[in-house]
1. Could you tell me which of rounded, prolate or oblate describes the range 1-61, using a ≥ b ≥ c as the square roots of the eigenvalues of the alpha-carbon gyration tensor, with rounded for a/c under 1.5 and, failing that, prolate when a/b is larger than b/c and oblate otherwise?
2. Give the accessible area for residue 68 in Å² (nearest 10); use a 1.4 Å probe, count only protein heavy atoms, and leave out ligands, DNA and RNA.
3. How much of residue 49 can a 1.4 Å solvent probe reach, expressed as accessible area in Å² and rounded to 10?
4. Excluding ligands, DNA and RNA, what is the solvent-accessible area per residue of the range 1-64 at a probe of 1.4 Å, expressed in Å²?
5. What distance in nm separates the two pseudo spin-label positions at residue 35 and residue 68, each 7 Å out from Cα along the beta-carbon direction?
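The values are calculated or read from the model by the stated rules, or taken from the named source; none is laboratory data. For clarity, every value in this text was computed on a predicted model and none was experimentally measured. Note: ideal-geometry Cβ built from the backbone for every residue, glycine included; neighbour counts use all protein chains shown. Side chains included, ligands, DNA and RNA excluded: accessible areas come from the protein's heavy atoms. Shrake-Rupley method; radii C 1.70, N 1.55, O 1.52, S 1.80 Å.
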Amino acid sequence: MILNFFSSRGWESWDVEHRPLIPEGMPVLIDDDLRFEDGPAVPRPTAVVNRWLRELPASGAPAPSSWDYARVAKEWMGFLGRARGGSVRLAGTAEGRVEALSVGR
């Protein structure tokens, strides 16, 4: 998983009408295969976390220093991806996440 920080530099060449509203320096998580969906209307957990990160400024965390949650989310998602042979997913069941944290199992 890649943690990148948004920059609008050169946006005029992106074939979009307006500069994106994403704040400069906003963290963006990207899966290693550069995909955000597993199929039509099936967002990956990274896409869901990115949506949550983009909402932080409007939900009481406008300071870029508070966006460091992205690093924590990246580590947590990586941990879950390695837990139990990769069978635990962020969007999976609560029981699966508890199992991933269980010691000695």
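1. Taking the square roots of the gyration eigenvalues as a ≥ b ≥ c, the range 1-61 is oblate.
2. 80
3. Its accessible surface works out to 20 Å², give or take rounding.
4. 68
5. 3.4
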